[in-house]
Structure formats: structure tokens, C-alpha cells
Amino acid sequence: MAVSTKRIAKNTTFLYLRMILVMLVSLYTVRLTLSVLGVEDYGIYSAVGGVVAALSSLSAVLSGASQRFYSIELGNEKSARIHIIFYTMIKVYLLVLLFILLVGGSVGLWFVCNYLNLPLERANVAYVIYITSLFAFLSGLMASPFQGLIIAKEDMGIYAYVSIIEVFLKLSLVALLNYIEYDKLILYGVLLMLSQMIVSLIYVSITFCKYKEIRVR
């Protein structure tokens, strides 16, 4: 009981620290991004990226579902099927990813091209931003079953550390834009996509290294 109480207190502390740091760094990052990109480019990114962000509810639903299945299985001490559930989740996420890629690459791009009121001289840039935002979202989506397992295992310290790394990574790439002479909006979209891929790779690496029960054929 004492061990359980200590673990709850530890996880709660990690989550509160994560929330405070992420909120403060994110607020400063938004301010810095607006300053670097300018009002027009920031508005383009918000409008185009908002089309992809509309799918975030789907990611939240899938992540919650995977955590529920993990938690039920982990609560059953006599069962050792966590690897079966894990790889089933991977297959489901791959199917969802393929569906979103097909719909987002066709219907979503058509919507951006025909219904968003974008400056004509920045239309091609907006298309690049849409593609990079889509791939960033898909990369984060594929990390969800790994992230869900970490949360189900109650390793909130790992979750907090990776979240903090993510926000500081985004802050760093925004600061980097000041020193590169290129279209800052395109560069911002590409760097955000790469940062999301790095974070997803961190989740995948930690999961396979830490949890031996999923390292089965």
C-alpha cells in the first residue's frame, strides 16, 4: 500500500511538472513563432495546419482505447498476452494511418486548394505546409500505441521527460529559423515534421528497450 501511494505521488509530481513546463515553454514558443514568421505566414500555417489538427480527436480516441486494453491486460496477473494486444494495436493503427493518408492526400488537399482563402503568391507554400503537417500527424499517430503502453505501465516520468524534450525541441527549431536564409514558413513546416518524427522514434525506442515482454516474434 505504501509503495502504491508513493508511486501515485511520484507520478502526480511528474505530471504537474510536465504540465507547468509544457505550458510555459509553449506560450513562449507561440510568441517567438509569431515574431519569426510574421502575421501572414503564421495565419497560413494555422489555417492549413488546422485542417490536419481536426483529426486530433481521432488520435485521442485511439490512444484512449489502446490504454484501456493495456490496463485491463496488465491488471490480469495470470495473463501474459500484452504482446498480442500490442501488435494488434500496431496493425489497427497501420490501417487507420493508411486510411487517413488516402483521405488526407485527396479530400484534404482538395479542400485546402479550393476552399481556404489563401494568398495566391503563397499557395504553393501552403500545399507544402499541408503535406508536412499531415506527415507530422501520422508520425505522432503511429507513436500512440507505444505512448499508450508507457502510460498504462504508469511510467509517467518517461512520459513527462519526452513531452518536455518535445516542447524544447520545437522551441529550438523556431529559434533556429532566425539564422537560416530560406522561406521560413516552409522550413518551419519541415522542421516541425522532423521533430515529431524524432519524438515518435524516442517513444518507439524506449518501449522496445524497457519492456521485454513485447520483444517477441
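The values are calculated or read from the model by the stated rules, or taken from the named source; none is laboratory data. All values reported here derive from a predicted model rather than from experimental measurement. Every residue, glycine as well, gets a Cβ built from its backbone with ideal geometry; the counts of neighbours run over all protein chains shown. All accessible areas refer to the heavy atoms of the entire protein, side chains included, with ligands and DNA or RNA removed. Shrake-Rupley method; radii C 1.70, N 1.55, O 1.52, S 1.80 Å.
Each of the GluC sites (Glu not before Pro) that DSSP puts in a loop and that has at most 12 other Cβ atoms within 10 Å breaks the chain; the longest unbroken stretch is 78-180. Packing, taken as the mean count of other beta carbons within 10 Å per residue, orders the peptides 111-119, 26-34, 156-164, 140-148 from highest to lowest as 140-148, 156-164, 26-34, 111-119.
Loop-resident chymotrypsin sites (Phe, Trp or Tyr not before Pro) (DSSP state other than H, G, I, E or B) in the range 165-215 with no more than 12 further Cβ atoms inside 10 Å of their Cβ: Tyr182.
Taking the 1.4 Å solvent-accessible surface of the chain as the whole, the part contributed by carbon and sulfur is 68%.
For the set Lys170/Lys212; Lys10/Lys210; Lys91/Lys153; Lys10/Lys170; Lys10/Lys91, the pairs lying more than 25 angstrom apart at their alpha carbons are Lys170/Lys212; Lys10/Lys170; Lys10/Lys91. Excluding ligands, DNA and RNA, the accessible surface per residue across the chain is 58 Å² with a 1.4 Å probe. With the helix formula -39500 (n - 2.57) applied to DSSP H stretches of n ≥ 4, the chain reaches a computed 222 nm mean residue ellipticity of -28500 deg cm²/dmol. Inter-label distance, Ser57 to Glu121: 3.8 nm, where each label sits 7 Å from its Cα along the C-beta direction.
Considering all C-alpha pairs of the chain, those separated by over 32 Å amount to 26%. For Ile90, the accessible area of its heavy atoms, probed at 1.4 Å with every protein chain present, is near 30 square angstrom.
Compute the long axis of helix 123-152 from its Cα atoms, compare it with the longest principal axis of the Cα atoms of the chain, and write down the angle in degrees, 0 to 90, nearest 10. The angle comes out at about 10 degrees. Among the trypsin sites (Lys or Arg not before Pro) found in the range 43-94, those both in a DSSP coil and sparsely packed, with 14 or fewer other Cβ atoms within 10 Å of their Cβ, are Lys78, Arg81.
Pop the C-beta distance of Tyr87 and Leu32 into the FRET formula with R0 = 35 Å and round what comes out to the nearest 0.05. The formula returns an efficiency of 0.30 here.
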